[in-house]
Each structure stands twice: as C-alpha cells, then as structure tokens.
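Undergrad: Mind looking over this structure? Questions follow.
The values are calculated or read from the model by the stated rules, or taken from the named source; none is laboratory data. Remember, predicted model here, so these are calculated numbers, not experimental data. As a convention, Cβ positions derive from the backbone with ideal geometry for all residues, glycine included, and neighbour counts pool all protein chains shown. Heads up: the accessible areas ignore ligands, DNA and RNA and are worked out on the full protein's heavy atoms, side chains in. Shrake-Rupley method; radii C 1.70, N 1.55, O 1.52, S 1.80 Å.
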Amino acid sequence: MNIQTSNVRPVSQIQGERQTIEQEKAALQQKVVRLEAELAAEKNDKLTIMEATAQLYEELLMLKEQMPGGTS
C-alpha cells in the first residue's frame, strides 16, 4: 500500500502561518474596538451639536416673540 500526499508542508511552517493568522485576527479585533469607540464618540458629538442647535433655535424664537412686531 503506497500513500501519496500532495501539498505537503512542514509542521513548523503550518504553525508559523497559524500564528501569523492569529496575530492578524487580534490586530483586526483591536481595530474594530477602536473604530467602534470612535463611532460612539462621533455619535455623541453629533447629539451634542443637535441639542445645542435646538436650544439656540428655541432661544431665537423667544427673542423673536419679545421683539416689537414679533409673532405672538
């Protein structure tokens, strides 16, 4: 009985490739965490801007009502 194999690679090469893949996976996971944190910060910034804009608009409406000829 003669067994033939193809794509034979040394175990050390396979282990090295596996280690490289694991390192790349860890790096990608870190990047995902960083990007999610950046996204959360951007969302928070946008919400703050929206709240400030709404507050300014409400103050503008109040001032407009106080001016002569303003809408009542």
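Undergrad: Please state the charge dipole magnitude for the chain, taken about the Cα centre, from unit charges on C-beta atoms (+1 on K and R, -1 on D and E), reported in debye and rounded to the nearest 20.
TA: The calculation lands at about 540 debye.
Undergrad: Something else about it: Relative to the longest principal axis of the C-alpha atoms of the chain, give the angle of the C-alpha long axis of helix 11-66, reported between 0 and 90° and rounded to the nearest 10°.
TA: So the helix axis and the longest Cα principal axis differ by about 0 degrees.
Undergrad: Let me ask another. Once the other residues with Cβ under 13 Å from the Cβ of R18 are scored (Lys, Arg +1; Asp, Glu -1), what is the net sum?
TA: Charge balance near R18 sits at -1.
Undergrad: Here are some values of Rg/Rh (Cα atoms, Kirkwood Rh): [x] 1.15; [y] 1.67; [z] 0.94. Which one was computed from this structure?
TA: Computed from these coordinates, Rg/Rh (Cα atoms, Kirkwood Rh) corresponds to label [y].
Undergrad: Can you give me the solvent accessible area of K43 with a 1.4 Å probe, rounded to the nearest 10 Å²?
TA: The accessible area of K43 comes to roughly 130 Å².
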